[in-house]
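Undergrad: Just dropping this structure here.
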Amino acid sequence: MTGSADTDEVSTEHSSVSTWMQALGTATGNPGGGAASGLMLAIAAGLTAMVAGYTRATHATDDASGRDSAKATIAALRARAEARSELALRLADEDAHASRAFGSAFRLPAGVGRDEAIRAASIEAAAASARLGEHAVDAIDDLAWLTEHGNPALIADVAVAIGALRAAITGARTNVSFDLGSVRSAHGSLEEIRADEPRLWELVPVFDRALERIDRLAASIDPEAAPSDAAS
């Protein structure tokens, strides 16, 4: 799949960046917003791993007796971020697969079969985005730790990672919400979906709270930057 110009063969995990970006810009929806959200999670995780790699125990604590613990924390954080970066690319491809099934369902001729296919594809697409979003929410704690204890020379990279993570969660939240809403195209109701898929339904406010936390984290970093107001 690597390097193919055929958008049907494009993979977030295996394609080159240039091939993937070319496919993103074509009117096929593959890759689309869900895969882009996965890529943003991978970027956030990659930057998290990089900053952790530059962080020493002395950045985290002045207490000599606590440095072994800090070293272990940094090593574990870096390992989680590296694993999350790889996982995010796979989740992006899973989301793209679900999106293709979603599009195929809407192209079926009108009838009961089409309605059933739309319903199933909508739920699967929402579930794929939900998995991605949940892993993105899990990444907030590590960025919060680096915001407070990471190498201060790389605080701008932490800020970029926070922005990328926000984009990933926003994308997941949006896709879950809209995919669930699309069931109405199959003559279903939101009340039925809420009853049938309570876990997916309840993830939307979970993602909203995560975004609020990320915004607070980003605001805590702002004072480290030079003032943007020329009068300051």
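The values are calculated or read from the model by the stated rules, or taken from the named source; none is laboratory data. As the structure is a computational prediction, the values presented were derived from the model and not from experiment. Positions of Cβ are generated from backbone atoms using ideal geometry, with glycine treated the same way; all protein chains shown enter the neighbour counts. Areas reflect the complete protein model, heavy atoms only, side chains present, ligands, DNA and RNA absent. Shrake-Rupley method; radii C 1.70, N 1.55, O 1.52, S 1.80 Å.
Undergrad: On the basis of being assigned to a helix (DSSP H, G or I), modelled with pLDDT under 95, out of contact with any Cys (no Cβ under 7 Å at 6 or more places or on another chain) and open to solvent by less than 10 Å² (accessible area, probe 1.4 Å), does ALA88 make the cut?
TA: no
Undergrad: Working carefully through the options LEU39, LEU24, find the one that is within 22 Å of the chain's Cα centre (by Cα), within 25 Å of ARG166 (Cβ to Cβ), open to solvent by 40 Å² or more (accessible area, probe 1.4 Å) and without any contact (Cβ under 8 Å) to a residue 24 or more places away in the chain.
TA: When all the criteria are applied, what remains is LEU24.
Undergrad: Any chance the range 117-135 includes a residue that's modelled with pLDDT of 95 or more, open to solvent by 10 Å² or more (accessible area, probe 1.4 Å) and over 17 Å from ASP179 (Cβ atoms)?
TA: Scanning the range 117-135, I find at least one residue that is modelled with pLDDT of 95 or more, open to solvent by 10 Å² or more (accessible area, probe 1.4 Å) and over 17 Å from ASP179 (Cβ atoms), so the answer is yes.
Undergrad: Now a separate question. Taking the condition of being among the small types (Gly, Ala, Ser) and surrounded by 18 or more Cβ atoms within 10 Å (Cβ to Cβ), how many residues in the range 49-78 meet it?
TA: 5
Undergrad: So, one more: Give all pairs with beta carbons closer than 7 Å in which a residue from the range 144-157 that is touching a residue at least 40 places away in the same chain (Cβ under 8 Å) meets a residue that is among the acidic types (Asp, Glu) and in a helix (DSSP H, G or I); count only pairs at least 6 apart in sequence or on separate chains.
TA: ILE155/GLU224
Undergrad: Would you check which residues across the range 163-187 are closer than 18 Å to ILE118 by Cα and open to solvent by less than 10 Å² (accessible area, probe 1.4 Å) and list them?
TA: Across the range 163-187, the qualifying residues are VAL176, LEU180, VAL183.
Undergrad: Taking the stated definitions as given, is ASP115 touching a residue at least 12 places away in the same chain (Cβ under 8 Å) and over 18 Å from the mean Cα position of the chain (by Cα)?
TA: Yes.
To keep it simple, each residue is scored yes or no on (1) modelled with pLDDT of 95 or more; (2) in a helix (DSSP H, G or I).
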position: ALA172; (1), (2): yes, yes
position: ASP179; (1), (2): no, yes
position: ALA195; (1), (2): no, yes
position: LEU200; (1), (2): no, yes
position: ILE214; (1), (2): yes, yes
position: ALA226; (1), (2): no, no
position: SER232; (1), (2): no, no
